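Notes for the one structure printed next.
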Amino acid sequence: MPRSAASLLLGLALLAPAACGGSASQEPAPKTATSTAAGACEATTEGACRAACDGGNAACCERLGDLALQDRDRGPSRALAASEAFGKACSGGRARGCQKLSHLMLYGFPGALAADPAQAVTLARRACDGGDPAGCGDLGRMFLRGLGVDIDEQRGAPLLARACDEGDGESCDVLGVALLSGLAVTPDPERAQELFVKAAQGSEKGCAAGDPRACLSLGKALVLGRGVWRDQARAAALFQRACMAGFADGCNGLSMAYTYGLGVPIDAPHARALAQRSCEEGSPHGCGTLGTLLIDGVGGARDPDEGAAAARRGCDADPSACIHLAAAYEKGAGVSKDAQKAASLYRRACAAGNAHACTAFGLVMVHGEGITMDKRGGYAVVSAACDARLPDACAVLGKLIQKGTTAAPDPTRAFVLFLESCEAGAPIGCEQAGIAYAEGKGTARDDARAAELFRRACDSQQESACLELGLFRAEGRGGPRDEAASTALIQKACEAKSDLGCALVAAKPADRVALRAKHRTKVDECNALIEVINAGVADLNKAPRSDDADPTGARELRRMADVMDRVAQQVGGVRLTVPELVQFSADYRGLAVIVAKAARAMATAADAKDLAALNAAQADLGKAVKREDPIVDAINTFCQEKP
């Protein structure tokens, strides 16, 4: 879709560190907490655990809470039972009991317990002081995200480092992502990769010891191949294990697996049900995922309003979950379309450590959508997300490299990134690799391989890939010509709200390829013209230098004139064939020339202190500027028209 003068595939967020949520009404009475290793519980049944807990065995109180969370037949009331048991464990000196109660209190458990982030902070600190690494890690994340406390990166990062050194794999992973992106710490990509290995090792050890939180973290590493060899089937099994243990984010991870076919067959209805369970049990990311599935109509009826509401619940609870609400604002799904709000929410989620959101924010920076254009800065953000082993980020990075965003285009390197992204489970990577094979960009042309990759992406809910495959079937490329199959595939794209897909479905099969080529030309030329205009706007909006030696502003006026001369030249250099765009280009170029001339005349008059000449030049500038909005509006209207 053409951009606006002044889209992004959203990968479902891969598990921010959180448990199933919940809270308790009061903090347990103060008592020195001991490490998780201290004490043991030999009981295995709920009755035996309760008896031992009542007898003062804090370890059995902790296990009693675990068993309560697993008993979903009890409904939300199980969270009350769990909070009571964890509270007793914490009061009895069990540091991990304090950590688990902190998790419950952080987000709350809908229908049972209200969230109390401030109390969650108190309990996490108590767990950390008692020697529980997970408590230190949770407390560090709370400081980084501003959950229950003011954001304090100087306190958060050392807590994560301490937790990581003491064996908490999840904390190593969070710290590694921070080191890649420069969030809260000085960027150190080499150390980040070392921490990812350490994270996987720590989570492996914790999971083997029966800690579902560690299993959840290990599953994330296995999905991404971050610090460990990729094994999506095992990852799905670990998500299942965490989900069954009562971790709402485990259910969210399993939802993602069933959405994209990561280690399990694609099952969209089951994916939606799991996301709903995750949200209902207090996971902000579960609510965000549910919102995206509702907006996109994955696994059931499309419901943008309810989807946006669910995404907002997630964002309100944890800033790292704001990526889903940002996407809703970017698309105008369930909320009014608002590029500035989308950019702000992507930034917020990225700052909270969500590398998926960093990918989206980096792309927004590159395009200057709702934010000042910064191609190099945006490229760096996307590159860091790719270094964090996010498949979607690597596919986006490939597109930036293919286009030559910050350097000469490199189609071969782009193709390698597309293929690696695809093999890591990103449908957008499969689609882009398919396009590369279809067009012979960065690799030899191979229609059969392109069709195979389009099919793979289409089956994983990448509807634009369904459209590509449908056109292949219309042409007989990569397989036999099949007009019925072509129509069915393109119809799938239309049902996903693709305007082009709907236009192609309505067209005769014999006309589809030509119509698509015409549309692609329009989109490419619209984007090329808009990008040049937006870059000029970004240059003009750069803060003027405060210079006492330029009291009249003449120097700044001459800078403005130079920018507009450059814009006129660059707009004229965009190769256009669409008649309407050719005219828009001429109109904008003429406008830029007039603005540059008037700005220089104002500067000359200001230097000469010629008030009459200054007023005349200012009037000319005002007339020219009034022409800009109608021209830009006309460009946007034309470029966003349905095919």
Can you say whether Glu641 is in contact with a Phe, Trp or Tyr (Cβ under 6 Å, 6 or more places away or on another chain) and open to solvent by 70 Å² or more (accessible area, probe 1.4 Å), as far as the supplied structure shows? no
Within the range 550-582, work out how many residues are assigned to a helix (DSSP H, G or I) and either open to solvent by 20 Å² or more (accessible area, probe 1.4 Å) or under 22 Å from Ile530 (Cα atoms) (or both). 23
Can Leu489 be described as part of a helix (DSSP H, G or I), in contact with a helix residue (DSSP H, G or I) (Cβ under 6 Å, 6 or more places away or on another chain), open to solvent by less than 20 Å² (accessible area, probe 1.4 Å) and farther than 30 Å from Leu576 by Cβ? yes
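To keep it simple, each residue is scored yes or no on (1) part of a helix (DSSP H, G or I); (2) touching a Phe, Trp or Tyr at 6+ places or on another chain (Cβ under 8 Å); (3) open to solvent by less than 40 Å² (accessible area, probe 1.4 Å); (4) farther than 25 Å from Ala242 by Cβ.
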| residue | (1), (2), (3), (4) |
| --- | --- |
| Cys287 | yes, no, yes, no |
| Glu306 | yes, no, no, yes |
| Arg313 | yes, no, no, no |
| Ala326 | yes, yes, yes, yes |
| Ala333 | no, no, yes, yes |
| Lys341 | yes, yes, no, yes |
Can you list residue pairs whose Cβ atoms sit under 9 Å apart, with the first residue in the range 417-436 being among the basic types (Lys, Arg) and outside any loop (DSSP other than H, G, I, E, B) and the second being at pLDDT below 95 and buried (at least 24 other Cβ atoms within 10 Å of the Cβ)? Count only pairs 6 or more apart in sequence or on different chains. none
Answer from Val513, Val505, Val567, Val563 - the residue that is of a type in the set (Val, Ile, Thr) and under 19 Å from Phe584 (Cβ atoms): Val567
(1) in contact with a Cys (Cβ under 9 Å, 6 or more places away or on another chain); (2) open to solvent by 30 Å² or more (accessible area, probe 1.4 Å); (3) not aromatic (Phe, Trp, Tyr) all hold for Ala357 apart from (2)
Given the condition touching a Cys at 6+ places or on another chain (Cβ under 9 Å), polar (S, T, N, Q) and open to solvent by less than 10 Å² (accessible area, probe 1.4 Å), answer yes or no: does some residue in the range 89-100 qualify? yes
Grab the helices (runs of 4 or more DSSP H) fully contained in the range 157-253, keeping just those with 2 or more residues being open to solvent by 30 Å² or more (accessible area, probe 1.4 Å) and not polar (S, T, N, Q). 189-208, 232-244
How many of the residues in the range 116-137 are open to solvent by 10 Å² or more (accessible area, probe 1.4 Å) and part of a helix (DSSP H, G or I)? 8
Can you list residue pairs whose Cβ atoms sit under 7 Å apart, with the first residue in the range 362-387 being on the phi < 0 side of the Ramachandran plot and the second being outside any helix (DSSP H, G or I) and among the small types (Gly, Ala, Ser)? Count only pairs 6 or more apart in sequence or on different chains. Val364/Gly370
Picked from the range 27-79 (must be among the β-branched types (Val, Ile, Thr) and within 16 Å of Leu123 (Cα to Cα)), the residue modelled with the highest pLDDT is Thr34
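The values are calculated or read from the model by the stated rules, or taken from the named source; none is laboratory data. Model, not experiment: these values are computed from the prediction. As a convention, Cβ positions derive from the backbone with ideal geometry for all residues, glycine included, and neighbour counts pool all protein chains shown. These accessible areas exclude ligands, DNA and RNA; they are computed on the full protein's heavy atoms, side chains included. Shrake-Rupley method; radii C 1.70, N 1.55, O 1.52, S 1.80 Å.
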